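K.L.:
Pasting a structure below so you can have a look.
The values are calculated or read from the model by the stated rules, or taken from the named source; none is laboratory data. Given the structure is predicted, the values throughout are model-derived calculations rather than measurements. In this analysis, Cβ positions are derived from the backbone assuming ideal geometry, glycine residues included, and neighbour counts consider all displayed protein chains. Surface accessibility is based on the protein's heavy atoms, side chains included, excluding ligands, DNA and RNA. Shrake-Rupley method; radii C 1.70, N 1.55, O 1.52, S 1.80 Å.
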Amino acid sequence: DEKTAVKGRFCYVKKDKLSFFQRKIQLENIKILQFIIHYFLHFLVPGLIAYVFFKNQWKKAWLIFVMTMLVDVDHLWSNPIFEAGRCSINFHFLHSYIAISIYAVVFIFSKKNSLFKLISLGLLFHMLTDFIDCKMNLLHF
């Protein structure tokens, strides 16, 4: 007995009894939720991290975290540039396991509150956000 939510409510119905339209609404709700979570993690959570851990210079830290979004420039080398459902992790070269390892090493060995520490933390959090997005893609692709 597989149970699922219909139209955002917890109305338990067997999956085979859902109409095509109900499944489409359910899929669209998941995609909207994924979009909200993804950009919440890319923009607002880094601001919260900056505010909690870098109180004296939280605006500067948040700006640096947001600027690490430039790592997505590697998407320009993909064909197509954007493909719904594609996982960035280990697909794009700046999202590769090797690149992520370099970001981790820089984070571990850089001085506290240095620019390298902030940039590497921002890049690692960006990769975590994209990893979460990959896992969410499995819900509907």
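K.L.:
Which of LYS60/LYS111; LYS31/LYS60; LYS55/LYS111; LYS31/LYS55 have a Cα-Cα distance over 27 Å?
P.N.:
Working: LYS60/LYS111 17 Å; LYS31/LYS60 32 Å; LYS55/LYS111 17 Å; LYS31/LYS55 34 Å.
Distance filter (> 27 Å) returns LYS31/LYS60; LYS31/LYS55.
K.L.:
Provide TRP77, TRP58 ordered by accessible surface of protein heavy atoms (probe 1.4 Å), highest first.
P.N.:
On the way: TRP77 175, TRP58 70 Å².
Result of the area sort, largest leading: TRP77, TRP58.
K.L.:
Under a point-charge model restricted to the Cβ atoms of Lys and Arg (+1) and Asp and Glu (-1), what is the dipole moment magnitude of the range 38-120 relative to its Cα centre, in debye to the nearest 20?
P.N.:
Values: 7 positive and 3 negative charges, 111 e Å.
Once rounded to the nearest 20, the dipole reads 540 debye.
K.L.:
Find the accessible area per residue for the range 49-113; the probe is 1.4 Å, ligands and nucleic acids are left out, and the unit is Å². If you can, show how the numbers build up before the last one.
P.N.:
Details: 4760 Å² over 65 residues.
Value returned for the range 49-113: 73 Å² of accessible area per residue.
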